[in-house]
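Following: one structure in structure tokens, then a few remarks.
The values are calculated or read from the model by the stated rules, or taken from the named source; none is laboratory data. Since this is a predicted model, take the numbers as computed values, not measurements. Cβ coordinates were reconstructed from backbone atoms using ideal geometry, including for glycine residues, and neighbour counts include every protein chain displayed. Note: accessible area is taken over every heavy atom of the protein model, side chains too, but ligands, DNA and RNA are not part of it. Shrake-Rupley method; radii C 1.70, N 1.55, O 1.52, S 1.80 Å.
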Amino acid sequence: MLTIFRGATIYTMDEKNTVLHKADLWVQDGKVVRAGVDTDIPVDAELIFVDGLVITPGLIDIHTHVGIWGEINERINDACEYSSPFTPLMSAIDGIDIRHFSFELARKGGVTTIQTGTGSANPIGGVWTILKTGGNSLDEMIVVEKSGLKGALGENPKNVFGQSYKKSPVTRMAVAHMIRQGFQQALELSDAGRLAALEGQTELAPFIEVLEGKMPMHLHCHRADDIATAIRIAKEFQIKLSLEHCTEGHLMLEAIKESGASVTLGPFMLPATKYETRNGTPEAPRLYHEAGIPFAIMTDHPFIPIHYLVLCAAEAVRYGLDEVTALRSITSTAAKLTGIDDRVGSLEPGKDADFVIWTHHPFNSRANVLGTYINGVKHG
């Protein structure tokens, strides 16, 4: 059935950054049909009047641990496999609980798509997944099952394994060595060996998939020297890199831009709980934008609860980022950086009908979510 949402201000977030006033959003069979002004309404269409309200694409958070982090009771935390620092075969889909309350929080905050998976205790942690925040089953919710191999540089793996467990890695050198090791071993395989590793899903399979460009490498890195190490490793093995957190990246913008790496920024609304995050700043998004580097803003849920994603982007606006770029960082740019912009991130014909109805512009402090729609279905 065709449903038309009539009379809203619509931020399409398409390439032209179209803003439509007193406009109509047409939705049918879970897809956007059109967004326009003064459209002729078919007699059999369902009309929903949203006069004076605001519609945006569903928000996208591409760095979270939604549905996999224990949160209330850390004893049931499924986000990190602490038995070994090297766990490339850990798959997010095997740890996600779609009935976890974090999915409801996401929908309440207008977040319709997330990337989630292992935490950052391990130099090599496992494979992340992109999924919708609403649906009847995990299979139905998955957008990209294998969206990247997650690794971590810096203090997290050193502290967990070197300090707490008294085993390697103890130093940053050892952390980087472990990350390199998987790629080096994968490169040493013959063609037949690579095929066998992929078919048998051995520990080298995720590294082969990254080397073949089937998914990127996501590297947790805060300090500038760790960011440099991540870029160096990606260059050595000619792999697609996503820099996660990138806290001191504003100190080395030219190197990041030259590397071509994707950047996901945040969370920058937290105290410096670690030495390596002391230079974090909400000015970073503006500095990246001025340098011509595309980026997404994330919550790293549960470290900032996911329903505050819009507040993270609004905070960047308060520190000088323009509103359009800020909204793109949690919609269309986030979708492009993860390769899912053919489905989500903007309200264009043929894309998934993932959208949010707000009382005000989402960066307005009075804005409330009146409805979060995923594939054209209202959730909450």
Close pairs (6 angstrom Cβ cut-off, 6 or more residues apart or separate chains): free of Cβ contacts under 8 Å to residues at least 60 places away in the same chain in region 280-291, of a type in the set (Asp, Glu) anywhere:
Pro282/Glu315
Can you tell me which residue within region 12-31, out of those that are modelled with pLDDT of 95 or more and of a type in the set (S, T, N, Q), is farthest from Ile357 (Cα to Cα)?
Gln28
Within region 1-75, strands (runs of 3 or more DSSP E) holding 1 or more residues that are more than 22 Å from the chain's Cα centre (by Cα):
3-11, 19-28, 31-37, 46-49, 54-57
Among (1) open to solvent by less than 30 Å² (accessible area, probe 1.4 Å); (2) of a type outside the set (Phe, Trp, Tyr); (3) closer than 18 Å to Leu251 by Cα; (4) in a helix (DSSP H, G or I), which single condition is Leu287 missing?
(1)
Among the numbered criteria (1) open to solvent by less than 10 Å² (accessible area, probe 1.4 Å); (2) closer than 16 Å to Leu243 by Cα, which one does Ser120 miss?
(1)
From the list Ser91, Ser147, Ser84, exactly one residue is under 21 Å from Gln201 (Cβ atoms), touching a residue at least 12 places away in the same chain (Cβ under 8 Å) and crowded, with 24+ Cβ neighbours inside 10 Å. Which is it?
Ser147
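Conditions (1) within 28 Å of Tyr275 (Cβ to Cβ); (2) touching a residue at least 12 places away in the same chain (Cβ under 8 Å); (3) open to solvent by 20 Å² or more (accessible area, probe 1.4 Å); (4) of a type outside the set (Ser, Thr, Tyr), marked per residue:
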residue	(1), (2), (3), (4)
Asp191	no, no, yes, yes
Ala196	no, no, yes, yes
Gly200	no, no, yes, yes
Ile208	no, yes, no, yes
His220	yes, yes, no, yes
Arg223	yes, yes, yes, yes
Ala234	yes, yes, no, yes
Gly249	yes, yes, no, yes
Ser259	yes, yes, yes, no
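Residues are listed down the side, and each one gets a yes or a no for (1) more than 19 Å from Asp14 (Cβ to Cβ); (2) hydroxyl-bearing (Ser, Thr, Tyr); (3) modelled with pLDDT of 95 or more; (4) out of contact with any Gly (no Cβ under 6 Å at 6 or more places or on another chain):
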{"site": "Ala291", "(1), (2), (3), (4)": "yes, no, yes, yes"}
{"site": "Thr299", "(1), (2), (3), (4)": "yes, yes, yes, yes"}
{"site": "Ala316", "(1), (2), (3), (4)": "yes, no, yes, yes"}
{"site": "Gly320", "(1), (2), (3), (4)": "yes, no, yes, yes"}
{"site": "Val324", "(1), (2), (3), (4)": "no, no, yes, yes"}
{"site": "Leu327", "(1), (2), (3), (4)": "no, no, yes, yes"}
{"site": "Thr333", "(1), (2), (3), (4)": "no, yes, yes, yes"}
{"site": "Pro349", "(1), (2), (3), (4)": "no, no, yes, yes"}
{"site": "Val377", "(1), (2), (3), (4)": "yes, no, yes, yes"}
